[in-house]
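Throughout, read-outs are computed from the coordinates displayed, never taken from laboratory work. Quantities reported herein were computed from a predicted structural model and do not represent experimental measurements. Here the Cβ positions follow ideal geometry from the backbone for every residue, glycine too, while neighbour counts run over all protein chains shown.
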Amino acid sequence: MMADDELPGTPAGSSATRTPLEGDPALLDPAAAAVLVRDDATGAAGALDVSARAIRREHLRQLLRSPAFLTGMAIFLWWVVCAVFGRVIAPYDPVTGSLTQFNVPPSSTHWFGTDSLGRDVFSRVIVGARDILIIAPLATLLGTVVGTSLGLIQGYFRGVLDNVVGRIVDAVLALPFVIIAFLFVVAVGPSTITLILVIGLVFALIIARTVRTAVLQERELDYVAAARLRNESNAHIMFVEILPNVFAPIMVEFTVRLGYAIFAIATLSFLGFGIQPPTPDWGADIAASYQYLAAGYWWETLFPALAIASLIVAVNLIGDSIEAVVIQ
Amino acid sequence: MTIDASPQVNAPPGQALVVDAAHVDVTYTVRGTDRLAVRDISFQIGRQESFGLVGESGSGKTTMALAITRYLARNGRVSSGSITVNGQDVASLGKDALRSLRARTVSMVYQEPGRALNPTIRIGRQVAEVYEIAGLSKADAAGRAEQALRRVQISDPGRVIRSYPHQLSGGMLQRVVIAMALASEPALLILDEPTTALDATVEAEILDLVASLREEFHTGVLFISHNLAVIAKMCDRVGVMYAGELVEEGGAREVFEQPRHPYTVGLIRCIPRRGQRKDHGRLDTIPGFLPSPGQVPTGCVFAQRCGLAKERCFTEAPPMYEVSGTRYSRCHYHELAPTLPRATPADVQLPEPDRAAAPVITLREVSKTFAARGEQVHALTGVDLDLRLGETVGLVGESGSGKTTLARVLLGLTAPDQGSTLELEGKKLAPTAPQRNRDQLRAMQIVFQNPDSALNRRHSVRYQIGRALTKLAGLHGKQEEEALLDVVHSVRMEERHLDLRPAQLSGGLKQRVAIARAYAGNPQVLVCDEPTSALDVSVQAAILNLLAELQGREHVTYLFISHDLGVVRYLSDRIVVLYLGRIMEYGDAETVFSGPHHPYTEALLSAVPSLDGALRERIALTGEIPSPAHPPSGCVFHTRCPRRLPSGICESTEPPLAEAEPGHFMRCHIPLADLRALQHVSNE
């Protein structure tokens, strides 16, 4: 029956030509006009209050009720604490090893055992959070800022520029990210700045694509036409009028990319092009120890690997929760 | 006066009821809080009867329709009362019985036909499927599908069967949906705003179709609409809903001619009709606004906004009073309803526009051709138009006639073709807005149809109006602040609204912000592109009053685009009728409306249902508006023209836009005298 097809997705009554709107607040009757303010002040159980503050509060409330978000946040904050206070928390010096205690399996003295150079794995895992948690957010931030600007320009101006950038993005994305980063690092030489630049710039291209799509929808709205009719500059229209309206997808993109950035840094470190030894780093430590797996020294590889996995999972849990709340 | 506590029994006795709703409450649970959306509604629909529910948005009309088919959202439920459909209590139906009810007894048609059909399946398949579910074989079902399409007056069912939904017009799709809805020969057909998304000419056809099918199928109809005139035309009886309650019920003509509830009285007064014009007086409005959903006032739901409310109204909820045998009103003082005092004084002093003055805007030979998929789409062809200071020019025509393109070209949002000339006070205007100087931009502004799109939802009211003052009027600091308050007060808003964002404002307030923004730079010309079509009638009245008042004070010229001819007539001094990007007729509003008309204008006017009951002879337009990519030869209207000349001149030669009588231009081969005779226009 036709009605069966239609109903679930179609709450009848709204359309482009006639949007359901409430009545007009009193022009003559101050008592009735006060209803609007009253709704605003009390929040009327949340549904009627649509001020920006109330929406943010409601989003936060939903996030704090989400087990995924709380779990992700707990893990993430643990690693942030490690990154900041790692040297204080770590029971041993993560760089200088013991000359006698090498390849010791996990025990009460060395919770995660020691590696082939006699360094405490637990201490290295804790201190290893630092560089990755500096580089990954910086790279993602760079990518988001550049990518957002690029996406705004593409979506707003369209035309030749949009096409050229679009094809460059296609070309870059056709190659595996690790290979691009690898080539770049080989050419320029590994350093923190290099890592931030290469990850940030590649991400910028990907983020630009998301932003562009959102901007294409926004630019057709009448407020953009109204801005043109009052002689606003293109920069103003892009960054002051449109940008705030595409902020939600940008935020989601940021958290998703942060997860990928952590993954990318760990991979590059593993390959030897990321964070350089002897600085404690999870990827580099796995690279240094995986050859001993066959000898049964599993702890030297397992714990750094779990650290990487937990951080990525945490970031993704946070990102997914934010996406579910912000983009409904 | 008797108090009637039992459900009203209005259907003729001895006739089975299709719907019997008794004291129905519907509650939605929103985040743990129960909200009463519909309260104590009782009505009945007899077999073959057509019952209308009318009311503004948020009044609970659709909720009621969903309750009848038990299609309420998961958080909604009928919390009290009972609904019986065709003798079955809907609440007690099991899964199978409910499915059978929805499949065989009740069908629904909604506002957006495009969303009721699956875009990836051909029409023929979708219609046939309904018959297959009813148990027919594939081959039989396909045959029945074609018949069904013929029955909804689709002239070329063969083509439609092979089409996908996106290849058909909205009117055609709505016919298909109706065909599917009637496939099971249901006892009850629920139509929820079935024509709101359609053009007036198409609406008229669909309404005629529904009326004739109702006779043929002996179906009971529940017709839901915000449009009083449509309800008046389509329904035997009508129920007026307000804030979840049925406030008045009775025969459709009686209710609209002699309303007995202050809300109905107010609602009818909000609508410009009987040729009412802005210089005759302001429209009346309904003060205040709808109580927020779930708010249950102690007294009458309408008391807060009612000019007749007495102490009792605030303390004691009125029952449904029986006014006469078939009339009910939920008002303690229903006999006083017609004496409802005006909420807005009628007296108005509007200056006459100076008809001899030099035009503010001159358009000459304005054309616009879009290139789409290798085709040349002629959106505008050779438009000549003058706009004079302080006048309102109404722009009417079906969708696709070029109204909005003309507005965008004028504003410089769309560049016209080479050879088009636009002048502002005799000075040539650059084709696009960025090439125009600040004075020229300031001189022309627009109020868009949809304030949700026109206002930036991330910025405060203060920012949006203030920015216009800065950029257009060049004001800063203290001067800007003063001007801001000035313009905000002139649209009857208050300072406390300034720091709100659009989502916190009602539809009417949003449109006021848009008007304030447009007025910020003291424009000379304001384009109003359907400024009230997204609003409820009571809000529309206030906005129209405001536009008329501001115009009188500021001497602004309006180019007013609307599909609502009543609204256009109320506000306009002159009318321009567009068809396929050409001006078909223009002249003084009164001349154009009183006739003789161009045959296209005649058809447009006759398509609009009227609340006054004075039914015009319907001039049905056959066929759909042709594609502007391939305009017909000769007169572009000849393919649909009911008055086409037999000589064949209409097919071969395009008539010029000629002055048929002083100040009245028409693009038609038929002489004015003949049109006058054909249209029975008295020769004044």
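Only one residue of B:Ser533, B:Ala516, B:Val19 has its Cα farthest out toward the positive end of the dipole of the protein assembly as shown, where Lys and Arg carry +1 and Asp and Glu -1 on Cβ, and that residue is B:Ala516. Relative to the Cα centre, the charge distribution of chain B, modelled as +1 at Lys and Arg Cβ and -1 at Asp and Glu Cβ, gives a dipole magnitude of about 1740 debye.
Protection proxy ranking for B:156-163, A:152-159, using the average of other Cβ atoms within 10 Å per residue and placing the highest first: A:152-159, B:156-163.
The equivalent ellipsoid that matches the C-alpha gyration tensor of chain B spans semi-axes of 42, 34, 24 angstrom, in descending order. Antiparallel beta bridges, as assigned by DSSP with both residues in the protein assembly as shown, represent about 65 percent of the total such bridges. Taken as Cα centroids, region B:409-476 and region B:92-129 sit 46 Å apart, rounded to the nearest whole angstrom.
For region A:131-279, what is Rg from Cα atoms divided by 2.2 N^0.38 Å, rounded to two decimals?
For region A:131-279, the normalised Cα radius of gyration is 1.17.
Which whole number gives the average count of other chain Cβ atoms within 10 Å of the Cβ atoms across peptide A:214-222?
3
A simple rule links phi to the HN-Hα coupling: the Karplus curve 6.51 cos²θ - 1.76 cosθ + 1.60 with θ = phi - 60°, which for region B:191-200 gives 10, 9, 6, x, 10, 5, 8, 10, 5, 4 Hz, with x for Gly and Pro.
Magnitude of the charge dipole for region B:125-271, about its Cα centre and with charges confined to Cβ atoms of Lys, Arg (+1) and Asp, Glu (-1), is about 340 debye.
When you restrict to C-alpha pairs under 8 Å that are six or more residues apart and normalise by the size of region A:184-328, the relative contact order lands at 24 percent. Only alpha carbons enter this Debye calculation for region A:46-195, each as an equal point scatterer, and the log10 of I(q)/I(0) it gives at q = 0.10, 0.20 Å⁻¹ is -0.68, -1.19. Each peptide in B:520-528, A:311-319 receives the mean, over its residues, of other Cβ atoms within 10 Å, and ordering these scores from highest gives B:520-528, A:311-319.
Give the shape of the protein assembly as shown as rounded, prolate or oblate, defined through the alpha-carbon gyration tensor: a ≥ b ≥ c are the square roots of its eigenvalues, a/c under 1.5 means rounded, and otherwise the shape is prolate if a/b is larger than b/c and oblate if not.
prolate
Highest mean first, the peptides B:132-140, B:510-518, B:496-504 sorted by other C-beta atoms within 10 Å per residue fall in the order B:510-518, B:496-504, B:132-140.
Once you order the gyration tensor axes a ≥ b ≥ c over the Cα atoms, which shape class does region B:329-465 get: rounded for a/c under 1.5, otherwise prolate or oblate by comparing a/b with b/c? It is prolate, given that a/c is not under 1.5 and a/b is the larger ratio. Sparsely packed loop sites in region B:45-90 (the trypsin sites (Lys or Arg not before Pro) outside DSSP H, G, I, E and B with at most 10 other Cβ atoms within 10 Å) comprise B:Arg74.
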